[in-house]
Amino acid sequence: MNTPTIRDDFRVEPASWDADFEDLRSVREQVFVVEQAVPREDEIDELDPKSRHVLARDADGRAIGTGRLAPTQAIGRVAVLVGWRGRGVGQAIMRVLLEQARALGYPAVELHSQAHAIPFYAALGFRSEGEPFVECGIPHQTMRLDLAPNAAREPPPLPPVPAARTLVVEDREQALAAVGELLADAKYELAIYTRDLDAALFDVAASLDAIKRVALSGRHAQIRILVQDPRKAIADGHRLVALAQRLPSAIAIRTPVEEQDLQYPAAFLLNDRRGYLFRPLGNRLEGEGSTYAPGRHAQLVALFDQIWERSVPSEDLRVLAI
């Protein structure tokens, strides 16, 4: 019998009480209200809008865990969906919350641990204080952790300026090679301006794998895509559309609405290592670029940002819940 594969690919990122309310609520309600029978009216309190929240998400962007750091210097509402327990999600959530507490200069943090979770928090260095008590019908114990301030660190040396390599594209093979090199160099960010998502370049396995790697690179991941007309991509089942649907927290797609932007003839790709590929005519593959060109890159980033601010989520993509 084949043993099912256990997926441990998840990330923990800061969350906003307003913007991420539904994801925060869904995890907390499942764990506290459904599993532990905490009254729904007690689960959300006046500290929630004032607290710093974090979310753990799986590889597809679904919320699987939560936690908060309240201005009372207390950690709370730490919850992990049952299918993800025992895989390090809770420890990762606590690590991020403790990093935030140290950054705020808190000398210590407290929490109310459910009795069964005392060993979990003790392993993180928390110690029990006072007598056990009952909260929402569940035995609890106050626990405290003294925080050592972050040690001052020498700033890291500036990275060497990378050697620039000129990219010349005259056919699909060269275009795929240039796109592949720029995607491989990217760390956390990509910007793509395209007429119809360029299936010949971005609906191929190597490009999709590289884009997914960037999308899952951490809480700083940001992939922005401008598509003048997404209808063909949707009709053709473009796999980048499906990937964006699965990873909405990292991949955002917008459509220009102003005539000057809809008539813009070019297409380009930018990474966060100052590399670019520019094609003067978006319906053709010919173009030029460089793996490192700060000046030209900055010009294209400024143009992309201007058009991005004027653009909106596509109605065609809304149908797919992107």
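The values are calculated or read from the model by the stated rules, or taken from the named source; none is laboratory data. Owing to the predicted nature of the structure, the values given are computational and were not obtained by experimental measurement. So basically every Cβ, Gly included, is an ideal-geometry build from the backbone, and we count neighbours across all protein chains shown. These area figures cover heavy atoms from the full protein model, side chains too; ligands, DNA and RNA do not enter into them. Shrake-Rupley method; radii C 1.70, N 1.55, O 1.52, S 1.80 Å.
With R₀ fixed at 51 Å, the C-beta to C-beta distance from A164 to E46 puts the FRET efficiency at about 0.40.
Once the convex hull of all Cα atoms in the chain is built, its volume per residue stands at 188 Å³.
For segment 244-302, GluC sites (Glu not before Pro) meeting the loop criterion (DSSP other than H, G, I, E, B) and having at most 13 other Cβ atoms within 10 Å: E258, E286.
Computed extension length for R172-E129: 8.8 nm, one decimal, from 0.36 nm per residue of separation with the Cα-Cα distance subtracted. In this simple spin-label model, placing a label point 7 Å from the Cα along the Cα-to-Cβ direction at both A108 and R284 gives a separation of 7.1 nm.
In this simple spin-label model, placing a label point 7 Å from the Cα along the Cα-to-Cβ direction at both A200 and A37 gives a separation of 6.5 nm. Seen against the Cα atoms of the chain and their longest principal axis, helix 172-185 is set at about 30 degrees.
Each principal axis of the Cα cloud of segment 236-322 was taken in turn, and the coordinate range along them, longest first, works out to 38, 28, 25 Å. One decimal place: the segment A117-A59 gains 18.3 nm when fully extended, by the rule 0.36 nm per residue minus the C-alpha distance.
Determine the shape class of segment 1-105: with a ≥ b ≥ c the square roots of the Cα gyration tensor eigenvalues, call it rounded for a/c under 1.5, and otherwise prolate if a/b is greater than b/c, oblate otherwise. Oblate shape, in that a/c is at least 1.5 and b/c is the bigger or equal ratio. Evaluated with a Cβ-only charge set (Lys, Arg +1; Asp, Glu -1), the chain carries a dipole of roughly 680 debye about its Cα centre, given to the nearest 20.
Rounded to the nearest Hz, the phi-derived 3J(HN,Hα) couplings of segment 73-89 under the Karplus curve 6.51 cos²θ - 1.76 cosθ + 1.60 (θ = phi - 60°) are 6, 10, 9, x, 6, 7, 8, 9, 4, 4, x, 10, 6, x, 10, x, 5, where x marks glycine and proline.
Taking all protein chains together and a 1.4 Å probe, the residues L262, L97 rank L262, L97 from largest to smallest accessible area.
Taking 0.36 nm per residue of separation and subtracting the Cα-Cα distance, full extension of the segment from S26 to V301 would add 95.4 nm.
In this rough spin-label picture, where each label sits 7 Å from Cα along the Cβ direction, the R310-D185 distance is 2.8 nm. Do any GluC sites (Glu not before Pro) in segment 37-86 lie in a DSSP loop with no more than 14 other beta carbon atoms within 10 Å, and if so, which? Taking segment 37-86 and a limit of 14 other Cβ atoms within 10 Å, the loop GluC sites (Glu not before Pro) found are E46.
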